Amino acid sequence: MTRTHLGMPAFPALPAVPAVPGFPAFPEAAREAVGDGVLRANLRRATHTIRDKRARAVAELDDWDRLRSAGKAVKDHTLRHLDHYLLELEASVTAAGGTVHWAADAAEANRIVTELVAATGAREVVKVKSMATQEIGLNEALEAAGIAAYETDLAELIVQLGHDRPSHILVPAIHRNRAEIRDIFASEMGRWGRPAPEGIGDDPRELAEAARLHLREKFLRARVAVSGANFMVAETGTMVVLESEGNGRMCLTLPETLISVVGIEKVVPTFRDLEIFLQTLPRSSTAERMNPYTTMWTGTHDGDGPAAFHLVLLDNGRTDTLADEVGRQALRCIRCSACLNVCPVYERAGGHAYGSVYPGPIGAILSPQLRGTDSEIDATLPYASTLCGACYEVCPVAIDIPEVLVHLRERVVQGGPVTREGIRVRIRPARAHTAERAAMRAARLLLDRPGALRAGERLLSRARRLRPRRLPGPGRAWTDSRELPEPPARPFRDWWAERERDQERGQDRDRAQDRRGRA
């Protein structure tokens, strides 16, 4: 049943982010993005502004390195004892009047949420910005059940109205400029609710006011809200959402029913642990000393907030990631987006090229672990990096992203084992990786045979004029952005042998002269 069947206006669904074969490999998607001059200008301006502000905010704290180490330690401890803290969280939420649901994958999470909303009789929900619900495609699942999901974060609203996909963790509409946003509001707002004012301009205050008026109607009408959470406190069952616009506060307090979909890695042991992250997250993400709106709720309370609270704990590949001793550090991520803003690859390619709700360096290590590497996009994401290390330097929980990238590259080249939807599978290596493995075998055979190596070096030197500028076949990708080195006129071995002979001749002459002198 669709919204039209229910007597509601047609609702354009947000396109699902491809996570299966069919989405182009990262190099192909990035090549198209790099050719978009407007996109590159938008990204360069936004990322440089955010990262410069962040650097100043972090520099204000003398103990930033200690906070970073403390955050890493808390996250690592929690991940090592995740089973214990999740059960403690479930008991705390239940004791506070909430209901906990466990979802092994996206399909189960979507089914749980859809059934909960349908049970209320509501046909629309308001949403707080939630990457977990984007990860599982919840909007599309609700739409298929005839339930409209309205994004209330300003950037998410822009993305939804524009039939677009998020391209940044913190600023999902970072690839849009003010003129584009004005056009989207003018043409699309009326189809979703209150239209934009006639003759709206591109002044940020005008755009924000149009969004405020448009969303206010939905806040006051909604009976059900869907949220994520930045943190979950095991000892108290408290959910924590950090946001900057106040839309979260409206969604989390006004509706009768609140459903929170949260990844299992977001739990922290105690309320005191929040002290660390409430300092590091705002400075790393929005470069603010303190977050403008920090909303916390624990279960339900008569006459205060929603009457029903449901927590959906989402796995969706996280336990498989946890089993990888190197890759599990990606689960420390607190979604601050600092790594995106310093990444030279993200700045040029943009978020859409990553084919995931998680773009940038963190997406390059998180998506292949959650989804497996059996699709073109996921098999190429670990290569979407220069390994410059800037992402590691700014990460507030010290995720060594370059280390995980190299680790995942090894897995891709070896062809498995990898994980997909909680099932361990072995994949067939991509053509380029097959060629690489063949080249490595040939090199091993050659290096094990000094005579053959010497003959090959001499042959290469004699044929140096015939050197191609680009390699054929799969090797062509390597020479798309670099030249083949020119072979030397003489092989090193021949040069070294001649050098040794010259030294011996010189020593012989010296000895002969000594003998003549003594005679």
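Peptides 491-498, 270-277, ordered by how many other C-beta atoms sit within 10 Å of their residues on average, highest first, read 270-277, 491-498.
Extending 7 Å from the Cα toward the beta-carbon at both residue 508 and residue 403 defines two label points whose distance is 5.6 nm. For segment 89-226, the pair-distance distribution built from all alpha carbon pairs, in bins 5 Å wide starting at 0, is 2, 9, 18, 19, 19, 14, 9, 6, 3, 1, 0 percent.
Projecting the Cα atoms of 99, 227, 112 onto the charge dipole of segment 94-232, computed from C-beta unit charges around the Cα centre, puts 99 farthest toward the positive end.
By the beta carbon rule, with partners counted only under 4.7 Å, the chain holds these lone Cys residues: 251, 333, 336, 343, 388, 395.
The helix-based estimate of mean residue ellipticity at 222 nm for the chain, built from -39,500 (n - 2.57) per DSSP H run of four or more residues and divided by its residue count, is -15500 deg cm²/dmol to the nearest 500. Label positions at residue 212 and residue 145, each projected 7 Å from the Cα along the C-beta direction, are separated by 3.4 nm.
Using every pair of separate Cα atoms, the Kirkwood estimate puts the hydrodynamic radius of segment 299-380 at 14.8 angstrom. Rolling a 1.4 Å probe over the protein heavy atoms leaves residue 49 with an accessible area of roughly 80 Å². Using R₀ = 41 Å, calculate the FRET efficiency as 1/(1 + (r/R₀)^6) where r is the Cβ-Cβ separation of residue 414 and residue 249; round to 0.05. For R0 = 41 Å, the calculated efficiency reads 0.25. Candidate cross-link partners of residue 218 among the lysines, defined by an alpha-carbon separation under 16 Å and a same-chain spacing of 8 or more, comprise 127, 129. Spin-label model, residue 478 to residue 439: label points 7 Å out along the Cα-to-beta-carbon direction sit 0.2 nm apart.
So between residue 302 and residue 191, what do we pick up on full extension, going 0.36 nm a residue minus the alpha carbon distance?
Details: separation 111, 0.36 × 111 = 39.96 nm, distance 3.66 nm.
Going from the current span to full extension adds 36.3 nm.
Note that segment 169-224 shows a convex hull volume over its alpha carbon atoms of 99 Å³ per residue. Take the alpha-carbon centre of segment 272-340, take the same for segment 154-187, and report the distance between them in whole Å. Each part's Cα centre sits 24 Å from the other's. Leaving out ligands, DNA and RNA but keeping every protein chain, what accessible area does residue 163 have, in Å² rounded to the nearest 10, with a 1.4 Å probe? Around 70 Å² of this residue is reachable by solvent. Between the beta carbons of residue 463 and residue 499, assuming R0 = 30 Å, the FRET efficiency works out to 0.80 to the nearest 0.05. Once the Cα-Cα distance is subtracted from the 0.36 nm per residue extended length, the residue 293 to residue 73 segment shows a gain of 76.6 nm.
Of all lysines in the structure, those lying under 18 Å Cα to Cα from residue 72, and not within fewer than 8 positions of it along the same chain, are 266.
Given a cut-off of 17 Å, what percent of all Cα-Cα pairs of segment 219-301 lie beyond it?
Values: 1646 of 3403 pairs.
Tail fraction, whole percent: 48.
Taken about its Cα centre, the chain carries a charge dipole of about 2980 debye when Lys and Arg each add +1 at the Cβ and Asp and Glu each add -1 at the Cβ. Note on exposure: 259, 200 ranked by accessible area (1.4 Å probe, complete protein assembly) read 200, 259, with the most exposed listed first.
Heavy-atom accessible area for residue 169, with the other protein chains in place and a 1.4 Å probe, reaches approximately 10 Å².
For 290, 131, 250, 239, give me the order by solvent-accessible area with a 1.4 Å probe, most accessible first, ignoring ligands, DNA and RNA. Provide the component values of the computation, followed by the final result.
On the way: 290 155, 131 25, 250 50, 239 0 Å².
Result of the area sort, largest leading: 290, 250, 131, 239.
Restricting everything to alpha-carbon atoms, can you work out Rg to Rh for the chain with a Kirkwood hydrodynamic radius?
On the way: Rg = 28.5 Å, Rh = 25.7 Å.
Rg/Rh for the chain comes to 1.11.
Angle of helix 360-371 to the longest C-alpha principal axis of the chain, folded into 0 to 90 degrees and rounded to 10: 80°.
The values are calculated or read from the model by the stated rules, or taken from the named source; none is laboratory data. These numbers come from a predicted model, not from an experiment. Positions of Cβ are backbone-derived with ideal geometry, glycine not excepted, and every protein chain shown enters the neighbour counts. Areas reflect the complete protein model, heavy atoms only, side chains present, ligands, DNA and RNA absent. Shrake-Rupley method; radii C 1.70, N 1.55, O 1.52, S 1.80 Å.
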